[in-house]
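Asks: Just dropping this structure here.
The values are calculated or read from the model by the stated rules, or taken from the named source; none is laboratory data. Keep in mind it's a predicted model, so treat the numbers as computed, not measured. Note that each Cβ is placed from the backbone with ideal geometry, even for glycine, and that neighbours are counted across all protein chains shown.
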Amino acid sequence: MRLQKDKIIKRAIEVLDRDGLDGVTLRRLAKELDVQPGAIYYYIPDKETLLSEMANTILEERFAGFDFENDQREWTVWLDMLGHELRAAMLAHREGGRVVAGSRIGDVGHILIKLFDLTVRILHKSGFDLSKAATISVTVTYFTFGFVIEEQAAPTETDATYEVQSFEKFAPILMTAMSDWIKTDYKMHFDTSMRMIINGARDELET
């Protein structure tokens with residue numbers, strides 16, 4: 001049974017990479033695998049379950065061999081690593097951000113909940129109370145989800161430049177700021193954003 005389920009999820013991710021998330025349906029997968037829809041429903045009863053299984057696989061590709069027991073890490077290094085590793089996992093597939101962010105957290109638990117648990121333990125051992133540790137963990141994770149969704153849906157630089165230039169008459173300062181922003185690649189924006197989050201978390205530790 002597991003082998004058959006793996007085959008369905010593997011094909012779903014192939015369709016995702018080829019046609020995008022809107023192209024991934026249970027009936028489409030049945031056609032792709034040359035089986036009756038009922039054969040798919042036996043393993044994957046609905047679209048929500050399908051997306052959660054796809055999210056599991058996307059995260060497993062990056063974190064399957066990860067050491068979730070080592071909570072002796074330096075917390076600022078870990079938070080930066082967490083954000084960058086999650087981003088890389090989602091960027092590995094077309095619309096990976098939408099898939100992972102849109103899945104049910106309980107269904108991606110064997111990876112995502114392990115990451116949450118590890119992050120809370122690292123932060124708590126570094127002096128954060130449990131409430132702040134949970135808030136920081138969620139902030140980094142959800143920020144990364146949103147960032148990758150926007151990154152993967154971003155217009156071309158030419159289109160973005162044209163859009164920003166339309167601000168000139170009613171928001172010239174914004175136009176200048178955004179003109180500089182769109183010339184910087186997304187990795188640098190992500191690095192800067194993570195640094196701001198970590199600096200904010202450091203302030204919380206000191207209060």
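Asks: Take the conditions closer than 23 Å to His189 by Cα and assigned by TED's automatic domain parsing to the domain that holds Met188 and apply them to Phe128. Does it pass? Outline the logic, then answer.
Replies: Values: closer than 23 Å to His189 by Cα: no; assigned by TED's automatic domain parsing to the domain that holds Met188: yes.
When the stated conditions are applied, Phe128 does not pass them.
Asks: Condition first: more than 30 Å from Met188 (Cα to Cα), under 21 Å from the mean Cα position of the chain (by Cα) and buried (at least 19 other Cβ atoms within 10 Å of the Cβ). Can you find one or more residues in region 79-99 that meet it?
Replies: The answer is no; no qualifying residue exists.
Asks: Let me ask you something else. State the number of residues belonging to region 145-165 that are part of a loop (DSSP other than H, G, I, E, B) and surrounded by 11 or more Cβ atoms within 10 Å (Cβ to Cβ).
Replies: Our first condition is that a residue be part of a loop (DSSP other than H, G, I, E, B); within region 145-165, this holds for 153-156.
Okay, now just the ones that are also surrounded by 11 or more Cβ atoms within 10 Å (Cβ to Cβ), so 154-155.
Adding up the residues that qualify gives 2.
Asks: Applying the selection to region 178-192, what residues are surrounded by fewer than 13 Cβ atoms within 10 Å (Cβ to Cβ) and either in contact with a helix residue (DSSP H, G or I) (Cβ under 6 Å, 6 or more places away or on another chain) or not acidic (Asp, Glu) (or both)?
Replies: Selection gives Trp181, Lys183, Thr184, Lys187, Met188, Thr192.
Residue-wise test of (1) buried (at least 16 other Cβ atoms within 10 Å of the Cβ); (2) in a loop (DSSP other than H, G, I, E, B); (3) modelled with pLDDT under 90.
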site	(1), (2), (3)
Gln4	no, no, yes
Lys7	no, no, no
Lys10	no, no, no
Glu14	no, no, no
Ala30	yes, no, no
Ile40	yes, no, no
Pro45	no, yes, no
Leu50	yes, no, no
Ala55	yes, no, no
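Asks: Here's something else I'd like to know. Is it the case that Arg195 is assigned to a helix (DSSP H, G or I), at pLDDT 90 or above and buried (at least 18 other Cβ atoms within 10 Å of the Cβ)?
Replies: No; evaluated as a whole, the condition is false for this residue.
Asks: In addition: Does Ala64 qualify as being under 20 Å from the mean Cα position of the chain (by Cα), among the aliphatic types (A, V, I, L, M), farther than 15 Å from Ile149 by Cα and modelled with pLDDT under 95? Break it down into steps so the answer makes sense when it comes.
Replies: Details: under 20 Å from the mean Cα position of the chain (by Cα): yes; among the aliphatic types (A, V, I, L, M): yes; farther than 15 Å from Ile149 by Cα: yes; modelled with pLDDT under 95: yes.
In short, yes.
Asks: Exactly one condition in (1) at pLDDT 95 or above; (2) assigned to a helix (DSSP H, G or I); (3) among the charged types (D, E, K, R) is not met by Asp71; state its number.
Replies: For Asp71, the exception is condition (2).
Asks: Something else: Might you check whether a residue that is in contact (Cβ under 8 Å) with a residue 24 or more places away in the chain and under 20 Å from the mean Cα position of the chain (by Cα) occurs anywhere in region 26-46?
Replies: No, because not a single residue in region 26-46 is in contact (Cβ under 8 Å) with a residue 24 or more places away in the chain and under 20 Å from the mean Cα position of the chain (by Cα).
Asks: Can you work out which of the residues in region 137-163 that are among the β-branched types (Val, Ile, Thr) and under 16 Å from the mean Cα position of the chain (by Cα) is nearest to Glu95 (Cα to Cα)?
Replies: Here the residue is Ile149.
Asks: Are any residues in region 1-45 charged (D, E, K, R) and either in contact with a Phe, Trp or Tyr (Cβ under 8 Å, 6 or more places away or on another chain) or assigned by TED's automatic domain parsing to the domain that holds Met90 (or both), and if so, which ones?
Replies: If the condition is that a residue be charged (D, E, K, R) and either in contact with a Phe, Trp or Tyr (Cβ under 8 Å, 6 or more places away or on another chain) or assigned by TED's automatic domain parsing to the domain that holds Met90 (or both), then Lys5 is the only one that fits.
Asks: Does Met178 meet the test of being free of Cβ contacts under 8 Å to residues at least 60 places away in the same chain and assigned to a helix (DSSP H, G or I)?
Replies: Spelling it out, Met178 is indeed free of Cβ contacts under 8 Å to residues at least 60 places away in the same chain and assigned to a helix (DSSP H, G or I).
Asks: Next question. Which one of these does Val140 not meet: (1) farther than 24 Å from Ile182 by Cβ; (2) modelled with pLDDT of 90 or more; (3) not in a helix (DSSP H, G or I)?
Replies: (3)
Asks: Here's another thing I want to ask about it. Does Thr135 meet the test of being on the phi < 0 side of the Ramachandran plot, of a type in the set (S, T, N, Q) and free of Cβ contacts under 8 Å to residues at least 24 places away in the same chain?
Replies: On the way: on the phi < 0 side of the Ramachandran plot: yes; of a type in the set (S, T, N, Q): yes; free of Cβ contacts under 8 Å to residues at least 24 places away in the same chain: yes.
Yes: the conditions hold for Thr135.
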